[in-house]
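The values are calculated or read from the model by the stated rules, or taken from the named source; none is laboratory data. Just so we're clear, the structure is a prediction, and the values are computed from it rather than from any experiment. Using ideal geometry, Cβ is built from the backbone for each residue, glycine included, and neighbour counts are taken over all protein chains shown. Side chains are part of the model used for accessible areas, which takes the heavy atoms of the whole protein and leaves out ligands, DNA and RNA. Shrake-Rupley method; radii C 1.70, N 1.55, O 1.52, S 1.80 Å.
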Amino acid sequence: MIAALVNLTPGVGRTMLAVNLAGELALQGRRVVVLDVDGVSGTGDWIARRRANALPALFDSATIAGTQLRHGLGGFAASFDHVVIDTPSRSPAALRAVLPAAETALIPIQADRTSLGRCAATMQLVIEALAMEPAPTASLVLSKVPDGLWVKPGSEATVLGLRLPVSAAVIRHRQAFADSMDTGLLVPELEMAGQAEADIRHLVSETFGLATAPVAD
Ligand SMILES: Nc1ncnc2c1ncn2[C@@H]1O[C@H](COP(=O)(O)OP(=O)(O)OP(=O)(O)O)[C@@H](O)[C@H]1O
Ligand SMILES: [Mg+2]
């Protein structure tokens with residue numbers, strides 16, 4: 001599976017999801033590579049933090065130029081079970097390169113109306129990609145979700161005119177996710193991260209079709 005985390009808005013949780021989805025897949029025995037598009041998506045910084053803490057790599061990672069994606073992805077897809085693509089914010093050019101190359105696009109969006117208004121440019125690019133042949137699948141992933149939800153997980157939502165499935169998995173706003181980003185640890189490597197790990201496992205199972213093992217709380 002080639003899965004891309006896409007949203008032009010900064011700070012929505014693309015990198016957190018890229019590394020934790022890849023980490024969970026790796027812990028389940030899959031060969032995974034995370035591609036940091038143009039080297040500015042954030043994955044490289046997280047891996048440097050992980051290395052500074054002398055933690056093992058768990059999954060492969062590489063920087064790929066947006067311009068190389070179309071031709072450079074085949075080698076990665078052949079060598080790994082899963083390719084997870086982390087994309088930079090505010091780069092329509094990168095998204096234009098990534099979306100046709102991906103099999104599935106996960107669009108993390110924060111669950112408030114102000115954030116939605118900022119997604120117009122992303123949605124426009126997703127609409128363009130969905131009109132291509134072959135088109136990726138695309139779904140919204142509710143990210144940094146506070147207690148109240150504005151949309152039902154596992155349903156559909158119309159965002160700026162585009163009707164998309166909403167993943168049943170919800171990534172809640174949890175300290176463990178912020179800690180994961182600060183430390184270079186995966187959520188299962190943090191103490192007291194059971195619920196955060198459950199969020200990630202749910203999304204892994206939904207996106208990559210893997211069994212969801214129960215997580216101790
Ligand atoms: N589910 C979450 N709960 C709490 N905090 C989160 C969550 N997801 C991300 N964060 C926090 O938000 C910050 C931004 O997340 P992240 O770097 O994954 O977003 P991004 O979309 O990749 O942003 P950028 O535009 O910088 O590439 C992280 O440093 C982390 O502190
Ligand atoms: Mg990032």
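Of the conditions (1) closer than 18 Å to Val84 by Cα; (2) of a type outside the set (Ser, Thr, Tyr); (3) in a strand (DSSP E or B), Ala135 fails just one. Which one is it?
(3)
Go through Asp38, Asp60 for me and flag whichever is surrounded by fewer than 22 Cβ atoms within 10 Å (Cβ to Cβ) and in contact with a helix residue (DSSP H, G or I) (Cβ under 7 Å, 6 or more places away or on another chain).
Asp38
So which of Thr122, Thr114 ends up being over 18 Å from the mean Cα position of the chain (by Cα) and either hydroxyl-bearing (Ser, Thr, Tyr) or in a helix (DSSP H, G or I) (or both)?
Thr114
If a residue must be more than 16 Å from ligand 2 (Cβ to nearest atom), open to solvent by 70 Å² or more (accessible area, probe 1.4 Å) and touching a residue at least 60 places away in the same chain (Cβ under 8 Å), how many such residues does segment 110-141 contain?
0
Is segment 142-157 home to any residue that is buried (at least 19 other Cβ atoms within 10 Å of the Cβ), assigned to a strand (DSSP E or B), touching a residue at least 40 places away in the same chain (Cβ under 8 Å) and among the hydroxyl-bearing types (Ser, Thr, Tyr)?
There is at least one residue in segment 142-157 that is buried (at least 19 other Cβ atoms within 10 Å of the Cβ), assigned to a strand (DSSP E or B), touching a residue at least 40 places away in the same chain (Cβ under 8 Å) and among the hydroxyl-bearing types (Ser, Thr, Tyr).
Say we look at segment 1-35 and pick out the residues that are polar (S, T, N, Q) and over 10 Å from the mean Cα position of the chain (by Cα); which of these is surrounded by the most Cβ atoms within 10 Å (Cβ to Cβ)?
Result: Thr9.
For segment 158-195, what are the residues that are in contact with a helix residue (DSSP H, G or I) (Cβ under 7 Å, 6 or more places away or on another chain), among the hydrophobic types (A, V, I, L, M, F, W, C), without any contact (Cβ under 8 Å) to a residue 40 or more places away in the chain and within 13 Å of ligand 1 (Cβ to nearest atom)?
Within segment 158-195, Ala169, Val170, Ala176, Leu190, Ala193 qualify.
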